[in-house]
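Right, one structure below, let's go through it.
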2 protein chains.
Amino acid sequence: MPDLRKDPVVGRWVIISTERSLRPTSFEPAPAPKSPNFCPFCPGHEDQTPHEVYARRADGSADSRGWEVRVVPNKFPALQIEGSLDRKGEGLYDKMNGVGAHEVVIETPDHRAELADLPAEHVAQVLIAYRERMVDLHRDRRFRYVLIFKNHGAQAGATLEHSHTQLIATPIIPRILQEELDGSRRYYELKERCVFCDIVAQETAENNGRRVVSTSERFVALEPFAPRFPFETWILPRRHDAAYQIVEDEAEIMDLAHMLKDVLMRLNRALDRPPYNFVIHTSPVSDGDLEYYHWHIEIMPKLTRVAGFEIGSGFYINPTPPEDAAPFLRGITLEG
Amino acid sequence: MPDLRKDPVVGRWVIISTERSLRPTSFEPAPAPKSPNFCPFCPGHEDQTPHEVYARRADGSADSRGWEVRVVPNKFPALQIEGSLDRKGEGLYDKMNGVGAHEVVIETPDHRAELADLPAEHVAQVLIAYRERMVDLHRDRRFRYVLIFKNHGAQAGATLEHSHTQLIATPIIPRILQEELDGSRRYYELKERCVFCDIVAQETAENNGRRVVSTSERFVALEPFAPRFPFETWILPRRHDAAYQIVEDEAEIMDLAHMLKDVLMRLNRALDRPPYNFVIHTSPVSDGDLEYYHWHIEIMPKLTRVAGFEIGSGFYINPTPPEDAAPFLRGITLEG
């Protein structure tokens, strides 16, 4: 019998339909090997991007070689940095100017490397770049949210193969984040506890652990109870913090770097280097340290062709129960 | 300057980012030509599917040749028809049994035909099959919603190429439908008018029409003000009706058949036969004729690789303004 399961935060019901995994289905192929064609993100091509807004460098000056991590404005931005919001109506409709920031975090100078393969110390530098840009963009009072996300592989929406993360600062709160904020506030009003703290407690309780993928001193990686996608994996801090950019201490960043690398490597080995997306879920700009919200990372391997149906109805059918995905990922050997 | 636009029903903000259409991007290829391999939906293979629950036949008996439109339970159902809901908790989580119906409307005996190419009279028979199955499933008191959707082409999630539509009856209301119901109810409480009626009125006003694709006596096809996808197209009845299955009179079904065929043909000619999805949005089971809701069809060509980012954040970036898509589709010549 399939299950219908409700996400405890946003209230989204998902069909967990094991029978469907029997049907003839097509999985997305792994991303093609990277080609050595011209790439604007490679060292020596710094003049092909807008001027850098952040870099971690061993040597060299701005917009030259010698960087380890580099952040530049997107050459084809979805939103424009200059201008005012200028909200207005058009009959019954509402609109405003597309003011915002759109930046690219170039994670490594090595065209062929991918995030999962970088040393943990380098992954930590990428995570610090996210934080520094987030802190900087939070100063702009026009913005309400800074969204950090990664598209890995063409099937997951990446248009350039050189490993990178994107950052979009927007004058509105993205829909699913708003739903999480609303849902977790309602839970807090009822229980006076953070729903994500409760999830971490329940999932890591001694007699449980069926959905846990990996744990460290400060983080837990798990398959959520009502996942939309096969092998959807969340990384949550054990300690309650509403905002990603609060992660300031070096040990915590290193722990997170190890955990992110651990999860991506498990997914790579388990699923033959799948295309994937991840999104950092954090509190809105200037909302401070909310007691009801809890930042986390949601990682979604792209294994099946998501139909417009799911997008059109908001209804997800997932053939892989999280209780099957978790032990599979736990059992992956990462050495060697 | 890009636009940020808000959908007037569900309140979803979308970035309309014309600049992005300049960037190097990959469009999904058109579906491959259909191959004559074994197909369980073809005439003569009626024993390869579960027993039919509806058919339009020129001759023959149930589960034999002679049908024009045939509806069968899905052989790999996402939900199971037998059983009770049996709601229960698991710590802080909620779940219930995956009870529901999952059926397939086989639109034509011709393996190579697609919906857009069938004669309008045949499309009308497909639309009648939708209605008859909807009416029948609405009698089952366990169900709250009957969702009708089509995946056309592998990139849009179709796993069998023989042209078909799917129907899923669920004990819950799919998320986006619930949001539409909530949003349109709020609008009604404020204005005492249906928001969809207001959209039709504003879009077809004499000094407007910029987003209109096609009109008929009873229907309007238009590009919505805040579309998530390039060339997203909605078909709305001019007359206020909450429920699809209320469409009973023959002339109205024929008008809708012509309109659906008209829009699909325009999309085929404009976009080189794209993969697409459509979803019928209608009122929930047993909610009757809601004064605030208005049934319609949302058609989404799958032109770009939708990133998990959009799904993960609920934030859509659309490079094609509806004011550009509409005149392009209006200008398509359908004759010849």
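FYI, it's all coordinate maths here, none of it is from the lab. Not measured: the values here are computed from a predicted model. Glycine gets a Cβ as well: all are built from the backbone with ideal geometry, and neighbour counts include every protein chain shown.
Projecting the Cα positions of A:Val285, B:Ala325, B:Ile173 onto the charge dipole of the protein assembly as shown (unit charges on Cβ atoms of Lys, Arg, Asp and Glu, taken about the Cα centre) puts B:Ala325 furthest along the positive direction. Highest mean packing first, where packing is the average number of other Cβ atoms within 10 Å per residue, the peptides A:320-327, B:3-10 line up as B:3-10, A:320-327. Could you compute the FRET efficiency for B:Glu206 and A:Leu92, with r as their C-beta to C-beta distance and R0 at 25 Å, rounded to 0.05? Efficiency computed from Cβ-Cβ geometry: 0.90. For the residue pairs A:Lys95/A:Lys191; A:Lys6/A:Lys302; A:Lys6/A:Lys75; A:Lys302/B:Lys95, the alpha carbons lie more than 29 Å apart in A:Lys95/A:Lys191; A:Lys6/A:Lys75. Cβ crowding within 10 Å, taken as a proxy for footprinting-reagent exposure, orders A:His122, A:His294 from fewest neighbours to most as A:His122, A:His294.
Provide A:Glu121, A:Glu252, B:Glu180 in ascending order of the number of other Cβ atoms located within 10 Å of each residue's Cβ, fewest first. Please list the in-between numbers first.
On the way: A:Glu121 11, A:Glu252 19, B:Glu180 23.
Ordered from fewest to most neighbouring Cβ atoms within 10 Å, A:Glu121, A:Glu252, B:Glu180 come out as A:Glu121, A:Glu252, B:Glu180.
Which of A:Leu177, A:Leu236, A:Leu92 moves the most in a Gaussian network model of chain A with Cα springs under 10 Å? With Cα springs under 10 Å in chain A, the top fluctuation among A:Leu177, A:Leu236, A:Leu92 is at A:Leu92. Peptide B:272-282 is shielded by partner chain Cβ atoms: per residue, an average of 2 of them sit within 10 Å of its Cβ. As a rough guide to protection, the peptides A:239-249, A:152-162 ranked by mean Cβ packing within 10 Å, highest first, stand as A:152-162, A:239-249. In nanometres and ascending order, the distances from the A:Glu291 label point to those of the other copies are 4.3 (point 7 Å from Cα along Cα→Cβ).
A dipole drawn for the protein assembly as shown from +1 and -1 charges on Cβ atoms has a positive end, and of B:Gly312, B:Pro274, A:Leu4 the residue lying farthest that way is B:Pro274.
For A:Leu85, the label point sits 7 Å beyond Cα toward Cβ; its separations from the matching points on the remaining copies run 3.9 nm, from shortest to longest.
Using Cα-Cα distances under 8 Å and only pairs 6 or more residues apart, what relative contact order does chain A have, in percent? In percent, rounded to a whole number, it is 21.
Averaged over the residues of B:1-13, the number of partner chain Cβ atoms lying within 10 Å of the residue Cβ comes to 6.
Membrane-span-like helices in chain A, defined here as complete DSSP H runs extending at least 30 Å along the helix axis by their C-alpha atoms with mean Kyte-Doolittle hydropathy no lower than 0.0, are A:250-271; this is a sequence and geometry rule, not a statement about a membrane.
Using a Gaussian network model of chain A in which every pair of alpha carbons under 10 angstrom is joined by a spring, one finds that among A:Leu190, A:Leu137, A:Leu290 the greatest mean-square fluctuation is at A:Leu190.
Only Lys, Arg, Asp and Glu carry charge here, each on its Cβ (+1 for the first two, -1 for the last two); on that basis the protein assembly as shown has a dipole of about 220 debye about its Cα centre.
Counting Lys and Arg as +1 and Asp and Glu as -1 over every other residue whose Cβ lies under 15 Å from the Cβ of B:Gly209, the net charge comes to -2. Net charge in the neighbourhood of B:Asp182 (other residues with Cβ under 11 Å of its Cβ; Lys, Arg +1, Asp, Glu -1) is 0. Here the Gaussian network model covers chain B, with springs between Cα atoms less than 10 Å apart; of B:Thr108, B:Thr215, B:Thr233, B:Thr215 fluctuates the most.
Net charge of the neighbourhood of B:Asp59, taken over other residues with C-beta under 13 Å away and scored Lys/Arg +1, Asp/Glu -1, is +2.
In nanometers and ordered shortest first, the copy-to-copy spacing of the A:Arg141 label point, defined 7 Å from Cα toward Cβ, is 5.9.
Per-residue mean of foreign Cβ neighbours for A:211-224 is 0 (Cβ atoms of other chains, 10 Å radius). Averaging the Cα positions of each part gives two centres, and for region A:169-244 and region B:279-311 these lie 28 Å apart.
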